[in-house]
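Remarks on the structure that follows.
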Amino acid sequence: MTVTETCDVLIIGSGAGALTAAVTCAKAGLKVIVTEKADKFGGTTATSGGVLWVPGSRHAKALGARLGVDDDSQLVRTYLRHETGNCYDEARIDAYLEYAPRMVEYLEDNTEVKFYPMEFPDYHPETEGGSRIRSVGSVDYDAAKMGPLMKGLKGELPQTLFMGLAIGSTLEMKQFLAAGRSPKAMAYVVGRMARHFLDVARKGSSQRIVRGRALIARLARTAHDLNVPFWLNAPATGLILDGDRVAGAQVMRDGKPVKVLARHAVVLAAGGFPRDVSRRATEYPGQARTMQPVTPAPITNIGDGVRMAEAVGAKFNNELLHPAAWMPTSKLADAKDQNGVWPHLTDRNKPGFIMVLSDGKRFANESSPYHDIVPAMLEAFESRGCDRAYLIGDSRAIRRWGMGFVRPFPIPKGRYLRNGYLTEGQTPQDLARKLDIAPDALAQTIRDFSLSARDGLDPEFGRGESLYDRYQGDDNHQPNPALGPLDKGPYYAVRIYPGEIGTYKGLKTDANSRVIGQNNQPISGLYAAGNDQSNVFGGSYPGAGATIGPAVTFGWIAARDIARRAGVEVPGGA
Ligand SMILES: Cc1cc2nc3c(=O)[nH]c(=O)nc-3n(C[C@H](O)[C@H](O)[C@H](O)COP(=O)(O)OP(=O)(O)OC[C@H]3O[C@@H](n4cnc5c(N)ncnc54)[C@H](O)[C@@H]3O)c2cc1C
């Protein structure tokens, strides 16, 4: 027998956009239910860096004043016009630039959420209007404040933990990577690890929740304080229509059907379609179209939200520059889910690494943003008739930085050589033979690259010229933080795939996050946030936090619109 539950607002999914909409609606006095398909809440967001791109936030303004960097919304618009090209969506970008800074203030002043300013170059800082003050990070949270809620909070990707410890900010990561060479960094790491082991001894696990998981924990704490129930193991399976209006959804709660009637709205925030193989086959280019996903996104993100909306007449927006937020990834041979996949955020851009195709030649600036390097890989596959890419490093580089799943020295790498993740060759030719690459081509590539890298130059792809490349490099490396020769054998390789951290194509929405129907009008009662909504930046990636920034902002905007239409006080003011 189907049970019926009633609420004001039903939120489908539990990532950052979903929970922002939930707490904001609940603050407005609306009765909210959050329903989540997985057995934990948090989605991809909980395993993310927790960075948001919010030009004009109060943190950005304070940081800009401190650094003497001017920024204003016209500069941001100029930058975004360059980034988005023909996909500039004026109405939604205007909404973003107005409401994202207000969302930061609202969450900080009314919930547990806290952010900190980051000096982080935009992904194309030399483009007109580019800057380095627009990203904010999520402040750590204390597990003790979560109480029993902790049981439902999704964990970090286990492969990114170091002895059970989740490393926090980019700056903390830099300390860990520099520990072998800097006494100051080593002292930091020893202190950090000591606190971690003390927590484990006393409480059974680390008490410090960091990055995206901290953002989710803080939102969940507030939601819980506002009596918002989180249903876990409870996938929504279809929307309920009352005439033209979406009036609720069917949910399978612990295997039993529940009809949830939502008086005011349903918010879809089910994380897009990174694991929907059939939609990828129509929306992705090149090799990414047909391959099995190699993504750190959860196995539950199979496009349910988009499908449910389409079933009630919603429009899917596929007119974007890119279908997904790309990420070069690698995987363990027995990978079954996100835990067997490595997102290559921080190794490929360090001195001593290059990337090559199966013809033994480089194809792009390895230090460029992840969203740029994958399209370059896909194009090169097609134009050069190749089907594989590799990250290659010499023994100094792998020892210092690690390589995907392989950790820096002194953590042993034998396991990865044995399970086939990592390939070792005494010389470039030896490595090439093991990878089935032309030995002379790879040796020549490494020779040519290394010759220029010693002088801090990359005549082929200009690596190390951008502030972004140097930021992602090794601060202590001269003459160019992004470039170092590969000249100390043995040599190592990891196979790289054209992966993603989430999808960009998605439901067409208006500036209030309302889902647009085939008649180009909003579908009454239906909203989308996060990656269920098509990307506001037209499929580009302007800077760090360019997916969670919109997820949270448009979740907040949705809640405000729902409150306005419900006739209650609008959170954050008119
Ligand atoms: C390692 C990594 C680091 C990243 N770092 C950043 C960063 O710092 N900044 C940034 O902007 N982006 C980052 N990203 C990308 C970012 O995490 C995602 O784009 C974003 O979190 C997606 O949010 P979402 O709410 O759309 O989806 P999610 O956070 O994935 O939430 C969707 C939820 O919906 C649930 N769901 C699915 N179907 C249903 C259903 N039928 N019923 C109920 N629930 C359902 C899923 O189980 C999931 O829990 C990173 C990604 C990764 C993997």
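Table for the structure above
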quantity: The chain - charge dipole about Cα centre, Lys and Arg +1 at Cβ, Asp and Glu -1, debye rounded to 20; calculated: 1820
quantity: Portion, in percent, of the accessible area of segment 71-218 that falls on carbon or sulfur, probe 1.4 Å; calculated: 56
quantity: Carbon and sulfur %, accessible surface of segment 293-344 computed with the full protein complex present, 1.4 Å; calculated: 48
quantity: Rg(Cα)/(2.2 N^0.38 Å) for the chain, N = residue count; calculated: 0.95
quantity: Solvent-accessible ranking of 188, 471, largest area first, probe 1.4 Å; calculated: 188, 471
quantity: In range of the label at residue 160: residues from segment 275-309 whose backbone nitrogen is under 11 Å from the point 7 Å along Cα→Cβ; calculated: 296-297
quantity: J(HN,Hα) series, segment 149-162, from Karplus relation 6.51 cos²θ - 1.76 cosθ + 1.60, nearest Hz, glycine and proline x; calculated: 4, 4, 4, x, 6, 4, x, 5, 4, x, 5, 8, 7, 10
quantity: Cross-link reach list, lysines versus residue 508, counting only Cα pairs under 20 Å and skipping chain neighbours closer than eight places; calculated: 315
quantity: Mean Cα-pair separation over length for segment 146-273, i.e. relative contact order, pairs under 8 Å, 6 or more apart, %; calculated: 15
quantity: Packing-based ranking, highest mean first, of 84-97, 190-203, 437-450 given that Cβ atoms within 10 Å are counted; calculated: 437-450, 84-97, 190-203
quantity: Furthest towards positive pole of dipole, 28, 381, 457, structure part the chain, Cβ charges; calculated: 28
quantity: Segment 144-292 - accessible surface per residue (Å², probe 1.4 Å); calculated: 46
quantity: Residue-normalised accessible area of segment 4-114, expressed per residue, 1.4 Å probe, Å²; calculated: 35
quantity: Percent carbon-and-sulfur accessible area, segment 393-432, ignoring ligands, DNA and RNA, probe 1.4 Å; calculated: 51
quantity: Length released on extending from residue 252 to residue 433, taking residue separation times 0.36 nm less the Cα-Cα span; calculated: 59.9 nm
quantity: Å³ per residue enclosed by the Cα convex hull of segment 81-239; calculated: 193
quantity: Principal axis box of segment 159-289, alpha-carbon based, largest edge first, Å; calculated: 68, 47, 25
quantity: Label point distance in nm, residue 186-residue 62, each placed 7 Å from Cα along Cα→Cβ; calculated: 3.5
quantity: Restraint check, 184/331; 40/203; 114/151; 336/413; 31/61; 154/434, Cα-Cα greater than 29 Å; calculated: 184/331; 31/61; 154/434
quantity: Contour minus Cα-Cα distance for residue 116 and residue 467 (0.36 nm per residue); calculated: 124.2 nm
quantity: Per-bin percent of Cα-Cα distances, segment 302-445 [5 Å]; calculated: 2, 9, 15, 19, 20, 14, 8, 5, 4, 3, 2, 0
quantity: Among 507-514, 546-553, the order from most to least packed when residues are scored by Cβ within 10 Å on average; calculated: 546-553, 507-514
quantity: Theoretical FRET efficiency, 1/(1+(r/R0)^6), r = Cβ-Cβ of residue 415 and residue 90, R0 56 Å, to 0.05; calculated: 0.60
quantity: Lys, Arg +1 and Asp, Glu -1 on Cβ, resulting dipole of segment 314-454 about Cα centre, debye, nearest 20; calculated: 620
quantity: Added length on full extension, which subtracts the Cα-Cα distance from 0.36 nm per residue, residue 193 to residue 518; calculated: 111.5 nm
quantity: For segment 304-348: relative contact order, % (alpha-carbon pairs under 8 angstrom, 6 or more apart); calculated: 26
quantity: Listed peptides 124-131, 8-15 by packing density, highest first (mean Cβ within 10 Å); calculated: 8-15, 124-131
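The values are calculated or read from the model by the stated rules, or taken from the named source; none is laboratory data. Given the structure is predicted, the values throughout are model-derived calculations rather than measurements. Glycine also receives a Cβ, built like all others from the backbone with ideal geometry; neighbour counts cover every protein chain displayed. In case anyone asks, the SASA skips ligands and DNA or RNA and just uses the protein heavy atoms, side chains included. Shrake-Rupley method; radii C 1.70, N 1.55, O 1.52, S 1.80 Å.
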